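Below is one structure, written out as structure tokens, with a few remarks after it.
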Amino acid sequence: METHFLQAKSISQIYGSHQVLRDINININKPEIYGLLGPSGAGKTTLVKMIAGLESPSTGKIYVLNTEMPHLKVMEKIGYMAQSDALYSELTAKENLNFFASLYGLKKRTINHRLEQAFSSVGLEDAINQKVGHYSGGMKRRLSLAIAMIHRPALLILDEPTVGIDPVLRQRIWKTFQEFKRNGTCIIITTHVMDEAEKCDRLGMVRDGRLMAEGTPEQLKAETDRATIESAFLYYGGTE
């Protein structure tokens with residue numbers, strides 16, 4: 001059977017009288033970096049929570065790895081990094097990573113083997129033994145990213161992962177994303193940063209809970225006859 005990383009079919013989400021998502025359809029059938037681009041409040045975070053199995057849609061169905069979500073066994077194959085960092089401030093970075101890696105079911109030998117690489121990929125190799133309570137906001141984001149990647153998930157879902165991270169380190173982190181993709185991991189990333197959107201293999205442009213357009217950055221710019229992704233986004237949103 002062919003593996004479908006994600007099939008979102010007619011997804012809508014309503015909280016009370018407020019409709020957050022409207023008839024979203026997305027298919028991801030191969031390892032790629034798929035970006036959800038849109039402003040704050042567009043519905044990106046709600047959508048990735050549902051893909052990760054943390055929420056159920058009001059209508060429609062989500063399938064991850066050919067299985068309808070939410071499903072516990074599939075959730076174990078997902079790495080999820082939320083916008084807020086769920087870390088233990090009284091523990092060191094190493095202790096945090098060891099704890100969360102054990103929750104993923106990794107053996108101690110495997111954790112030890114991957115630990116150095118995980119910290120190096122996010123630029124925290126010199127702060128492994130510092131307590132997280134002494135970390136800056138950007139350092140906490142980087143640790144959360146290392147934790148999401150430690151079990152080498154089939155699907156990695158990252159909600160604005162590089163907020164507060166300097167440009168040089170962002171380049172290093174994106175190289176890690178490309179490595180994961182080459183090794184068969186599919187990555188879904190939410191962003192409102194245009195230069196990051198350009199690095200994605202495909203983009204879904206989201207505004208007011210709707211998927212306005214989808215395609216490679218080059219396709220989206222060509223279809224709108226625009227030189228930048230930002231201009232293409234404004235075009236599809238009817239504000240240019």
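The values are calculated or read from the model by the stated rules, or taken from the named source; none is laboratory data. In this text, all values refer to a predicted model and were calculated from it rather than measured experimentally. In this analysis, Cβ positions are derived from the backbone assuming ideal geometry, glycine residues included, and neighbour counts consider all displayed protein chains. Just the protein is used for accessible areas: all its heavy atoms, side chains included, with ligands, DNA and RNA removed. Shrake-Rupley method; radii C 1.70, N 1.55, O 1.52, S 1.80 Å.
Tabulated data for the structure shown
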| quantity | calculated |
| --- | --- |
| Choice from Ala118, Ala213, Ala148 with maximal GNM fluctuation in the chain (Cα, 10 Å cutoff) | Ala213 |
| Eligible aspartates and glutamates near Lys221 by straight Cα distance, threshold 13 Å, same-chain separation 8 or greater | Glu198, Glu230 |
| Answer label for Cα Rg over 2.2 N^0.38 Å (calculated), chosen among (i) 1.09; (ii) 1.01; (iii) 1.50 | (ii) |
| Per-residue SASA entry for Tyr15, accessible area with 1.4 Å probe, Å² rounded to 10 | 100 |
| Rounded tilt (10° steps) of 108-121 against the dominant C-alpha axis of the chain | 60 |
| Most mobile listed residue (Arg202, Arg141, Arg22) in the chain, GNM with C-alpha springs under 10 Å | Arg22 |
| Computed over the range 82-240: relative contact order in percent, which uses C-alpha pairs under 8 Å that are six or more apart | 18 |
| For Ser58, residues with placed amide H under 5 Å, excluding near neighbours | Ser12, Gln13, Ile14 |
| Full-stretch length increase - His134, Ser102 - with 0.36 nm per residue and alpha-carbon distance subtracted | 9.2 nm |
| Charge sum, other residues only, whose C-beta stays under 14 Å from Val168's C-beta, Lys/Arg counted +1 and Asp/Glu -1 | +2 |
| For the range 1-149: relative contact order, % (alpha-carbon pairs under 8 angstrom, 6 or more apart) | 21 |
| Part-to-part distance (alpha-carbon centres) for the range 14-85 and the range 112-180, which is given in Å | 22 |
| Net charge over other residues, Cβ less than 12 angstrom from the Cβ of Gln7 (K, R count +1; D, E count -1) | 0 |
